[in-house]
1. Please find, among Arg50, Arg36, Arg56, Arg43, the residue that is at negative phi and without any contact (Cβ under 8 Å) to a residue 24 or more places away in the chain.
2. Within the stretch 284-315, which residues are open to solvent by 10 Å² or more (accessible area, probe 1.4 Å), farther than 22 Å from Thr403 by Cα and of a type in the set (Val, Ile, Thr)?
3. Has the stretch 332-347 got at least one residue that is surrounded by fewer than 15 Cβ atoms within 10 Å (Cβ to Cβ) and aliphatic (A, V, I, L, M)?
4. Within the stretch 129-162, take every residue that is open to solvent by less than 40 Å² (accessible area, probe 1.4 Å) and not aliphatic (A, V, I, L, M) and give me the one that is farthest from Leu197 (Cα to Cα).
5. Determine which member of the set Asp372, Asp341 is under 28 Å from Arg313 (Cβ atoms) and either in contact with a Lys or Arg (Cβ under 6 Å, 6 or more places away or on another chain) or not hydroxyl-bearing (Ser, Thr, Tyr) (or both).
6. Give the residue that is surrounded by the most Cβ atoms within 10 Å (Cβ to Cβ), with candidates limited to residues of the stretch 259-273 that are touching a residue at least 12 places away in the same chain (Cβ under 8 Å) and either touching a Lys or Arg at 6+ places or on another chain (Cβ under 7 Å) or of a type in the set (A, V, I, L, M) (or both).
7. What are the pairs with Cβ atoms under 7 angstrom where one residue, in the stretch 203-231, is under 26 Å from Thr264 (Cβ atoms) and the other, located anywhere, is at pLDDT below 90 and not in a loop (DSSP other than H, G, I, E, B)? Sequence gap at least six, or different chains.
8. Could you check the stretch 245-278 and list, in sequence order, the residues that are closer than 15 Å to Val212 by Cα, touching a strand residue (DSSP E or B) at 6+ places or on another chain (Cβ under 9 Å) and part of a helix (DSSP H, G or I)?
Amino acid sequence: MTPSTGPGGPPGSVAGSAAWELLLPAASAPARARGRALREALRDAVRSGRLAAGTRLPSSRDLAADLGVSRGLVTEAYEQLTAEGYLRSGRGAGTWVGDAVRAAPSRARDLSPRSPGDLADFVPGTPDLSLFPRSAWAAAQRSVLADLPHESLGYPDPRGLPGLRTALAELLARRRGVVADPERIVVVSGVAQATALLASVLHARGMRAAGVEDPGSPQHHDLYASAGLGTVPLPLDDEGLAPGPLYASGVRVVVTTPAHQFPTGIAYSARRRAELLNWARSVDGIVLEDDYDGDFRYDRAPVGALQGLDPERVAYTGSVSKSLAPGLRLGWLLVPDRLADDIVERKRTTDLGHPTLDQAVFARFVERGDYDRRLRVCQRAYRERRDALVAALAEYFPGSRVTGIAAGLHAIATLPERYGPEEGFLARVAEAGVAVRPLTAYAHGGAVGGPVGEVPAPGKEVRLVLGYAHLTPGRIRAGVERMAGAV
């Protein structure tokens, strides 16, 4: 076929054979789907830029002959895409590619956090995802799909399914010692959403700042900022948040990790827990208790949740991100009665409730005892990996001090001063393909008081936050050996 330039056709017009090659796969589609396939092929060609703006297409008669399809099929495709703005046409002037379309991105990007490909990765915060109980989870899904009433697939109670809230109330009361009324449990998409919901409600009530542990999670600043609240770094000592700076801060809400403080690994003392609650009562304040790693205690039974001491002053949150997988986006928030209605309404307007099927599956998983069994499996595996890390550090970095190992999925390793300064140490291990995070990376407001939270000065000892849960004992030992070889 000759080029379809037509009268007055522009220099950029396309040959009919080129259009034929772009659309040929659509012509081989089954007869019923051929029209749709032709329209989709034309759209894709225009979106991708393979048919550029201003390109003149062959006449419907010529293109139909080339493709071996009816002229009516091509005419219908031209008319549909002209109506949508992909093509333009004029009486007696032919059909052209319109100029309203811009080329679509060639592929979807994956912005999820991923290891940069280091040979050894000790960055904390990730469990061993290979331990996810696929068979048990799949069995719970099949069971739920067989039993779930049709009406349960409608919009859920924004607090969550009653069955899941009841199961969570029993689980959390038994394992974490919380005062868990199912009416005050809200199922959320992890601790991040729980924090954002609480911050939004408190901002609406006039609060403008929240206290955060220093050092602590770097995510808190962004989460509170999204709700209009500033953050005030509060120093730690050996027992938890230091009372003096807390009272002097002027804040009325503070977020804490009292069971296993992140990142230092300390558990708040009984005295400091009582002082924290006395502060909340004296300022009419709220404590958000993030039960970080609360289920993973290796030397004795886990310390009970702070919320059990004063449910009206403590909002309690946790998730399955470490016990199952962060990708499930399943968590819970226990709210004081005076905040419950506002939290639930904010949850409703945010997302109309958590996905029903996911909730029902997790409820079944808890009710059948699968969740308790999974926690026991993970606890044994992570204790073994903690021991492997401690042994490897003792062998390859003699004189190191390791703290925060009684619970959780990471440890603090304080290396002798001869391995400093910290900046040089980090550069050398990075060149060797070892990913680590220093304690200084988690400081919000500079050096903080006490030996636990103190940020080392340049040239002094190196303090590392080493995650181990996602690594096998063999990989832990090899990673520490590689790190030692680099320095």
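The values are calculated or read from the model by the stated rules, or taken from the named source; none is laboratory data. Not measured: the values here are computed from a predicted model. With ideal geometry, Cβ positions are generated from the backbone for all residues, glycine too; neighbour counts draw on all protein chains shown. For accessibility, only protein heavy atoms count, side chains too; no ligands or nucleic acids. Shrake-Rupley method; radii C 1.70, N 1.55, O 1.52, S 1.80 Å.
1. Details: Arg50 fails: without any contact (Cβ under 8 Å) to a residue 24 or more places away in the chain; Arg56 fails: without any contact (Cβ under 8 Å) to a residue 24 or more places away in the chain; Arg43 fails: without any contact (Cβ under 8 Å) to a residue 24 or more places away in the chain.
Matching residue, one of Arg50, Arg36, Arg56, Arg43: Arg36.
2. none
3. First, pick out the residues of the stretch 332-347 that are surrounded by fewer than 15 Cβ atoms within 10 Å (Cβ to Cβ): 337-338, 341, 345.
Still in the running and aliphatic (A, V, I, L, M): none.
No; the residues of the stretch 332-347 include none that is surrounded by fewer than 15 Cβ atoms within 10 Å (Cβ to Cβ) and aliphatic (A, V, I, L, M).
4. Among them, the one singled out is Ser143.
5. On the way: Asp372 fails: under 28 Å from Arg313 (Cβ atoms).
On inspection, the qualifying residue turns out to be Asp341.
6. So the first thing to find is which residues in the stretch 259-273 are touching a residue at least 12 places away in the same chain (Cβ under 8 Å), and the list is 259-269, 271-273.
Then drop every residue that is not either touching a Lys or Arg at 6+ places or on another chain (Cβ under 7 Å) or of a type in the set (A, V, I, L, M) (or both), which leaves 259, 266-267.
Numbers: Ala259: 25, Ile266: 23, Ala267: 22.
Per the stated criteria, the residue is Ala259.
7. Short answer, once both residue conditions are applied: Val212/His220; Asp214/Gly453; Pro215/Gly453; Thr231/His220; Thr231/His221.
8. Pro245, Leu246, Ser249, Leu276
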